[in-house]
Amino acid sequence: MQIPVDFLHWSLAFLPILVLAFLLVQLRWTAQQAGATGIFIAAAVAFFVFRTPLETLAVAGAKGVWDALFILLVIWPALLLYQIMHQSGGYDALRQGITRLSRNELFVIIALGWVFASFLQGIDGFGTPIAVVAPLLVAFGVRPIYAVAIPIIAHIWAKFFGTLGVGWLATLQVVDLDEATILAAAYQSGLLIIIQAVLGGFTVVWMYGRWPAIRHAWPLVLIIAALQGVGQVLVALVDPVLAAFIPATAAMLALYPLSLWPRYAEPATDIVERPAMLESRAEDDVDKAPPMGVAMSFFPYILLTVLALGTSMIEPLKNALGSITFGLPFPEVTTGYGNVNPATDAYSPLAPLTHPGASLIITALVTWGIYQARGYYNTWAETTKTRQKGVCWGLFESAVPASVPILAFLVMAALMNHSGQNETLALGISAIAPAYAFAFLSNGIGVIGAFTTSSSTSSNVLFSDLQVTLARLKGLPEATILAAQSAGGGIGNAIAPANVVMGASTAGISGQEGAILRKTLPWTLAAFLLTGAATVLLVLLVN
Amino acid sequence: MVALLKSRLGYLSVSFCLFLVSLPLVSAGATSGPRVLLWAGSAALCIAGLIPPFQRLLFAAKPDPGTKVDGENSR
């Protein structure tokens, strides 16, 4: 029996997403409450409309919990590092060091929020750039809402080819294409993703200081976007696995000569309105000397970079660490419409030692030990005249509220996937859209996939094969539609609830996820529309 | 029970633990273990998901009138 694709089923399949967005953005429910409600909406639609048995729902829910562990393994160590830095005065030392990079505030925000976040995405993933950069921006004096929204938007361009090509490699696993089409898909993905680099850079600058900031920073944005976006296209033609890492590193290296440019070495006096910045931060802490030097405050980030690079790029080490994997068994489950998920002895095996969380845990523990040995915690408590709550309690207090919504979102995503709701959404868009309209909307399917699963890789795994099949049926170039799916999978991450929750928790504003979404949603819509138009253009050129 | 539901960290911790507990129970119950584990895991999953919205409906905190909701002035 075929999965039904009609308006009623499509609307009901879309209902969990709609309710989730409405609860978060309109009613301002917390992510915990909205995400958990989404589980029951998705389960009810699955059970009553998509003929999904209870056992399938239970297995899907458990797989969702397992999927969430991959993200929790980043959140918990990232929040541990946050507590270590926060309670030792590390962020205050870091803020002083960052200020020395350039006297131009906007340059520093671009360097941290865009360039450094993108660099981290090139080697790590699972939200690491957001978890690491958001508290750094808060320490620099950026309002927490913006401190989360900026890295979320700015690192999107590195999603598909990032984490040393994980998204790209996962996509190749699920599609059956010839070499020429694969090369064309890599090239066209890179072309579409240039939109994300340019739009991301300008959005960061706009958030900082509106039009005066754009007038001030447009050369800087164009240079960095060209290095990242065009660089990615060029490297993708040679080795897609390094397509995000190399240009992201080039942009990092370019920061030094750019910081010497007088335009960005001195403060921008013509930017008066700065909605992203806290007014009082610098004055508040002016008399509080942090207990450590700048080098020591940068130590964890240097160690993290070294560890992440080592475990990703030294092949024998990567293979040895990656050989240890484990996963839980699950049986074959089906739905009344014949949607089958096969049995597996180890579902989505986790390699704990090569997971980005491992680098973060080692970084956090080593930093904790060094800071403790040097007495930074006591000194900082005396300086600030506050009684610290302790690293472990601080971690527990922040990580539990961050973990529940991520578990809820991933359970909801697994329920939608196992019941065939995601497939109905994609097939429904295809059914009503003529060929060129489908080309325009195809990146939207990627956006939906990333929104529901909070992962661009998962979006591609879910929808890439379907998109290629639909492209064939509609006579569209397969490589272009696959590129649109890949670009959309990245774009959807800007509103992916798990990313927003992760950023909110590390910026200390848990519960304000809706406010962050209101900042990232306009960018997502703009990126979707521009990518849609560019996809149609590519189809016209290819045809 | 009421005290637990009024403590944000308390009810979220229970929800968190129940989510995690459901995973091995469902896996074992659906494959090699007794079927009762599957339903125990399903129940844990359901209760874990019910707690946050249930808490909101029963004990929703009133927003502080002096606080900006989007938190742009916080912290």
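The values are calculated or read from the model by the stated rules, or taken from the named source; none is laboratory data. Worth saying up front: this structure is predicted, and the values here are computed from it rather than measured. Cβ: placed from backbone, ideal geometry, glycine included. Neighbour counts: every protein chain shown. SASA here: full protein model, heavy atoms, side chains in, ligands and nucleic acids out. Shrake-Rupley method; radii C 1.70, N 1.55, O 1.52, S 1.80 Å.
Things to note:
- Residue identified as within 14 Å of another protein chain (Cβ to nearest Cβ) and over 19 Å from A:F161 (Cα atoms) among A:A533, A:A471, A:A526, A:A504: A:A504
- Pairs where the first residue, in the stretch A:395-409, is closer than 16 Å to B:S22 by Cα and touching a residue at least 24 places away in the same chain (Cβ under 8 Å) and the second is part of a helix (DSSP H, G or I) and hydroxyl-bearing (S, T, Y), C-beta under 7 Å, 6+ apart: A:V404/B:S15
- Candidates A:Y146, A:Y187 - the one that is within 14 Å of chain B (Cβ to nearest Cβ) and either surrounded by fewer than 24 Cβ atoms within 10 Å (Cβ to Cβ) or touching a residue at least 40 places away in the same chain (Cβ under 8 Å) (or both): A:Y146
- Failed item, numbered, when A:V198 is tested on (1) outside any loop (DSSP other than H, G, I, E, B); (2) surrounded by fewer than 23 Cβ atoms within 10 Å (Cβ to Cβ); (3) over 22 Å from the mean Cα position of the chain (by Cα): (3)
- Condition check for A:M292: in contact (Cβ under 8 Å) with a residue 40 or more places away in the chain and exposed (fewer than 14 other Cβ atoms within 10 Å of the Cβ): no
- Of the residues in the stretch A:20-37, none is over 30 Å from A:S259 (Cα atoms), charged (D, E, K, R), buried (at least 24 other Cβ atoms within 10 Å of the Cβ) and within 14 Å of chain B (Cβ to nearest Cβ).
- Taking the conditions (1) open to solvent by 10 Å² or more (accessible area, probe 1.4 Å); (2) within 11 Å of chain B (Cβ to nearest Cβ) in turn, A:L73 satisfies each one other than (2).
- When the stretch A:149-167 is filtered for residues that are open to solvent by 10 Å² or more (accessible area, probe 1.4 Å) and more than 13 Å from the chain's Cα centre (by Cα), the ones remaining, listed by number, are A:L164, A:V166.
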